[in-house]
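Quick notes on the structure that follows.
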Amino acid sequence: MPTPELTEPVTFNPLADGFVEWPYHQYARLRAEDPVHRSELLHGWCVTRHADVNAILRDPTVSSEIDNAEPTPLTIDEIARRDQLSQGGRTVVLLDDPDHAQLRRLISKPFRPREVDGLQALVEDRVRTKVDQLVSDKGTGPVELDLIADFAYPLPVEIFCEMLGIPEEDHPGFRFWVNCIARSLDPVIDPVERQELVDHIADMQAFLEELIAEKRSRDDDDILSGLIHAEEDGERLTPEDLLAQIVTLYVAGHEPTAGLVGNGMLALLRQPDQWALLQSDRSLLRNAVSELLRYDGPNQFVRRVAMRDMDFDTPAGRVTIPARSVVYASPGSANRDEARWGATVDQVDITREDAGQHLQFGAGIHACLGSHLARLQAETMFTALLDRFDGIELAGDPTWSTRMVIRGLNQLPVRATLR
Ligand code: HEM
């Protein structure tokens, strides 16, 4: 006899028991029963099949601008927070073309493959220094450590601070601020926490404004100075847009990169045959990173607004998302859709031929600007784990953050002998 829960209609519920540990069971049910799902909690739609998510991301008639949405308690709240914090600055990720294209042109230069390749020595140096520091703090061991706090979490923010030219002593404060912004992306948050987040983000902005003012008068050779002076076709970033872009780059760059390394390493520790295969054939590293992004990447949802009625054929019949609805399209779910990836979808296979076609970096005009940088960092960090963490194994239960949009671990206890 079916259990009572299984006869109830499926609902998207990121607050349900077990969701933060493993959202993929809920996504699988949604894809099978209600892949274009009306969510009362989100006051919008939750889209989970690969074909639909892919189409929405590439659809030029779908908007990223929240002002195009019908008013709901969540959109009203989001617009109010944006207006309170942005001081008129616009961020590339929340704009449609042509404004989006104009801003993207102005900030994209440092993130092109050639420029990012030039950062390899810096990234390698930072990663090496971090492991050297672990060896000097803890000895070679075997030692127990938290791979998130001791390794995957601090590194992306340190690397990005260095790229931007932000003084070393400010890094700890930054980590906290960046975390606050990542958390603030979640649509459903208790109002008291929401206000605390807004206050912390305002502190970060005040710090950045001072730094920008200082740098304006100098001619440093770092990315922040490059962005201050960036000019394309006679256009420049306004001070407000510049601030909004820096904040976006921090959020976009930090948590997801840490998430890729943390989630990815956990997946490999749970499938040790794949870790052993990677140890024996390092040429698989690039594909392995793609496969880890596909299997359990950080980016679970991308928010959009439908600009026309959109029809979908689903097992529940024809479903129409009405114009001006908010849509949460899930790359996390799309990357685990059996209809796209076949019967081995729920296994890590670092030799998977089409792993690179995952949707973790989005698609269409907003496709991730930092994907080369994220890859460089992740490949360098996995190389250090392969080279310098002998016999690495889980040393306790991992704990997950409660974030719905950017999935990542709070703690990943491991044991290893350091080299
Ligand atoms: C594993 C790491 C990363 C993942 C999974 C990721 C994922 C994504 C996704 C899904 C989008 C599309 C958002 C949308 O369509 O609304 C995006 C956009 C973006 N990402 Fe990343 N990202 C990562 C790392 C980075 C890094 C390191 C940076 C730069 C420092 C970065 C900068 C950006 C920017 C600026 C955008 C907005 C592009 C636009 O709107 O045109 N990302 N990213």
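The residues of the stretch 23-50 that are out of contact with any Lys or Arg (no Cβ under 8 Å at 6 or more places or on another chain) and within 18 Å of HIS358 (Cβ to Cβ) amount to a single one, VAL47.
Filter the stretch 384-396 down to the residues that are under 23 Å from the mean Cα position of the chain (by Cα) and under 17 Å from ALA267 (Cβ atoms) and list them by number. Show your work before the answer.
Of the residues in the stretch 384-396, the ones under 23 Å from the mean Cα position of the chain (by Cα) are 384-385.
Answer for the stretch 384-396, where residues must be under 23 Å from the mean Cα position of the chain (by Cα) and under 17 Å from ALA267 (Cβ atoms): just LEU385.
Is it the case, given these coordinates, that LEU292 is within 16 Å of the ligand (Cβ to nearest atom), touching a Gly at 6+ places or on another chain (Cβ under 9 Å) and in a loop (DSSP other than H, G, I, E, B)? No: the conditions fail for LEU292. Only residues that are within 20 Å of the chain's Cα centre (by Cα) and of a type in the set (A, V, I, L, M) were counted across the stretch 129-172, and they come to 9. Among the residues examined, ILE181 does not qualify as at pLDDT below 80 and outside any helix (DSSP H, G or I).
Taking residues in the stretch 309-325 that are over 20 Å from LEU42 (Cβ atoms), and partners anywhere that are open to solvent by 60 Å² or more (accessible area, probe 1.4 Å) and outside any strand (DSSP E or B), the pairs with Cβ atoms closer than 8 Å and at least 6 places apart or on different chains are PRO315/ALA32; PRO315/GLU33.
Those helices (runs of 4 or more DSSP H) of the stretch 331-419 in which at least 2 residues are surrounded by fewer than 18 Cβ atoms within 10 Å (Cβ to Cβ), considering only elements entirely within it, cover 338-341, 371-388.
Looking across the stretch 74-94 at every residue that is away from the ligand (no atom under 16 Å from the Cβ) and in a loop (DSSP other than H, G, I, E, B), the one that is most open to solvent (accessible area, probe 1.4 Å) is identified as GLN87. In summary, ARG126 fulfils each of the numbered conditions (1) more than 13 Å from the ligand (Cβ to nearest atom); (2) open to solvent by 40 Å² or more (accessible area, probe 1.4 Å); (3) among the charged types (D, E, K, R) with the single exception of condition (2). The condition of being over 20 Å from the mean Cα position of the chain (by Cα), under 30 Å from THR320 (Cα atoms) and touching a residue at least 24 places away in the same chain (Cβ under 8 Å) holds for only one of ARG49, ARG58, ARG81, ARG126, that being ARG81.
What are the pairs with Cβ atoms under 9 angstrom where one residue, in the stretch 355-376, is under 20 Å from LYS109 (Cβ atoms) and among the β-branched types (Val, Ile, Thr) and the other, located anywhere, is part of a loop (DSSP other than H, G, I, E, B) and within 6 Å of the ligand (Cβ to nearest atom)? Sequence gap at least six, or different chains. Sorted first by the residue in the stretch 355-376, then by its partner, the pairs are ILE365/SER64.
Filtering ILE228, ILE246, ILE212, ILE201 for residues that are within 16 Å of the ligand (Cβ to nearest atom) and either farther than 27 Å from ALA55 by Cβ or in a loop (DSSP other than H, G, I, E, B) (or both) leaves a single hit, ILE246.
For the stretch 22-45, does any single residue satisfy the condition of being outside any strand (DSSP E or B) and among the β-branched types (Val, Ile, Thr)?
Kept after step one, since they are outside any strand (DSSP E or B), are these residues of the stretch 22-45: 22-35, 40-43.
So of that shortlist, the ones also among the β-branched types (Val, Ile, Thr) come out as none.
Looking for residues that are outside any strand (DSSP E or B) and among the β-branched types (Val, Ile, Thr), one finds none in the stretch 22-45, hence no.
The values are calculated or read from the model by the stated rules, or taken from the named source; none is laboratory data. What you are looking at is a predicted structure, and each value in this text was computed from that prediction instead of being measured. Note: ideal-geometry Cβ built from the backbone for every residue, glycine included; neighbour counts use all protein chains shown. These accessible areas exclude ligands, DNA and RNA; they are computed on the full protein's heavy atoms, side chains included. Shrake-Rupley method; radii C 1.70, N 1.55, O 1.52, S 1.80 Å.
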